[in-house]
Amino acid sequence: MIDRFLEVRSQSEILCQPLLIEDYSVQASEFVSPPKWHLAHVTWFWEEFVLTKYSPEYSPYNDDFSFLFNSYYNNVGKRVLRPVRGLMTRPSVDEVYAYRNYVTQAMVALLKTNLDKEVLDVIEIGINHEQQHQELFVYDIKYILGNQPLFPQYGSGFTPKEISQVSGFSKIESGIYSIGHQGDRFSFDNELGAHKVYVDDFEISSNLVSNKEYLDFIEAGGYSDFNFWHDEGWSWINENKIQAPLYWHKFDGEWWNYTLQGLQKVNLDLPVMHISFYEAFAYSQWKGMRLPTEFEWEIASEKFSWGQLWEWTHSAYLPYPRFNKSLGALGEYNGKFMVNQMVLRGGSVATPEGHSRKTYRNFFHASMRWQYNGIRLIK
């Protein structure tokens with residue numbers, strides 16, 4: 001557990017190595033958090049939910065940090081509002097790293113003691129929580145850099161594989177299937193409540209939709225034909241003047257897109273990414289197909305390779321049968337977001353190793369597209 005803890009803590013800081021000091025405090029949109037805030041927030045999580053409760057000798061690093069770096073836990077108390085996280089030039093980056101070191105050392109000391117299952121379970125949540133923020137960090141730094149006029153490079157990595165030339169659909173027979181996490185390994189509470197569902201016959205694509213395929217949709221006028229869109233999606237693309245995936249730019253008749261390696265010509269063989277649920281749905285309608293439900297995706301997940309991009313499903317984010325929220329602040333982790341969100345399944349190239357499983361239920365509002373996501377179709 002000590003090795004796992006230290007490895008996860010180290011990875012958060014490795015992700016920051018390509019940054020300039022000026023990058024740490026930028027908040028390019030209200031849904032984006034500055035890198036400095038991520039570093040401090042995951043540290044506060046350890047302090048708030050583990051050290052102050054299970055380490056009698058622990059003294060908080062700074063009493064103001066709970067107000068500054070709490071995210072959405074109302075049970076903990078007041079907090080800085082999310083849209084103004086980028087206004088915090090203080091504490092300094094150096095002090096945030098000092099805070100991280102202080103908490104990490106205290107956690108290592110605690111981990112060397114005999115801990116009961118209750119504490120170990122919270123520590124497991126903490127490890128997975130920091131991994132979640134490592135993925136969010138990749139989304140956020142790409143948005144921060146991708147909205148700068150010179151499209152600066154971050155570094156290598158976080159690029160999906162090109163689409164396989166072997167395509168096709170796998171058929172799934174109708175029947176009753178088990179859904180949800182089972183077994184003793186870690187899962188979040190929203191995966192629990194294993195239950196049965198019935199599905200009709202369906203066929204699911206072995207590949208994600210490619211940039212080339214999606215470009216065909218654009219060039220066929222997909223963004224100008226309301227027949228393919230939900231009414232809400234149609235309003236969204238028109239109000240926001242959306243005409244292509246996020247980070248796509250057309251220069252002199254050619255499509256380019258921002259990557260963490262800088263601005264590059266769109267690689268037609270890569271899977272299309274950074275699209276909203278609205279766009280994924282419209283594309284599926286244009287193709288005469290549909291998106292899978294999250295249950296169909298989980299049932300069929302052994303039939304295809306997944307984990308390159310999170311995959312939109314046509315399932316609202318709702319509780320499973322017998323879903324129970326924990327008491328207190330940790331009960332706010334998932335349950336209170338079960339409204340106006342759509343489920344994504346799988347994982348992405350930004351997902352930390354070991355953090356994916358077929359029952360994992362990611363969720364975002366239908367308009368969000370800065371996450372690493374893509375499309376898989378059903379017919």
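One table, with the values for the structure above:
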| read-out | value |
| --- | --- |
| Distance in nm between pseudo-label sites at Asp184 and Tyr72 (7 Å out along the Cβ direction from Cα) | 3.3 nm |
| HN-Hα J in Hz across region 143-154 - Karplus 6.51, -1.76, 1.60, θ = phi - 60°, x for Gly and Pro | 5, 4, 6, x, 9, 9, x, 9, 6, x, 7, 9 |
| Kirkwood Rh and Cα Rg combined as Rg over Rh, evaluated for the chain | 0.97 |
| Virtual spin-label span in nm between Ala194 and Phe31, 7 Å along Cα→Cβ | 3.4 nm |
| Computed E for Ser156/Ser206 - FRET, C-beta separation, R0 25 angstrom, nearest 0.05 | 0.35 |
| Overall dimensions of region 21-90 as given by Cα atoms, namely Rg and Dmax in Å | 12.7, 40 |
| Size of electric dipole in region 1-97: Cβ of Lys, Arg +1 and of Asp, Glu -1, about Cα centre, debye, nearest 20 | 360 debye |
| In order through region 301-306: 3J(HN,Hα) via Karplus (6.51 cos²θ - 1.76 cosθ + 1.60), integer Hz, x for Gly, Pro | 4, 7, 8, 8, 7, 10 |
| Whole-number D in µm²/s for region 231-273 (Stokes-Einstein; Kirkwood sum over Cα pairs; 25 °C, 0.890 mPa s) | 209 µm²/s |
| Solvent-accessible area per residue for region 64-179 (1.4 angstrom probe, square angstrom) | 53 Å² |
| Accessible surface of region 245-378 [probe 1.4 Å, protein heavy atoms]: carbon and sulfur percent | 51 percent |
| Kirkwood Rh and Cα Rg combined as Rg over Rh, evaluated for region 216-333 | 1.04 |
| For Ala366, distant residues with modelled amide H under 5 Å away | Met342 |
| Alpha carbon convex hull of region 111-229, volume per residue in cubic angstrom | 246 Å³ |
| P(r) tail fraction, region 146-302 - alpha-carbon pairs more than 20 Å apart, % | 62 percent |
| Rg(Cα)/(2.2 N^0.38 Å) for region 34-186, N = residue count | 1.37 |
| More than 14 Å apart - percent of Cα-Cα pairs taken over region 139-203 | 77 percent |
| Nearby lysines by direct alpha-carbon distance to Lys265 (threshold 24 angstrom, same-chain neighbours under 8 apart not counted) | Lys142, Lys161, Lys212, Lys241, Lys250 |
| From phi via Karplus (6.51, -1.76, 1.60), per-residue ³J(HN,Hα) for region 277-282 in Hz, x at Gly/Pro | 4, 4, 5, 4, 5, 4 |
| Distant alpha-carbon pairs in region 298-379 (separation over 22 angstrom), percent | 29 percent |
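The values are calculated or read from the model by the stated rules, or taken from the named source; none is laboratory data. These numbers come from a predicted model, not from an experiment. Virtual Cβ from ideal backbone geometry, glycine too; neighbours counted across all protein chains shown. The protein model used for the area step is the full one, side chains on, heavy atoms only, and it has no ligands, DNA or RNA in it. Shrake-Rupley method; radii C 1.70, N 1.55, O 1.52, S 1.80 Å.
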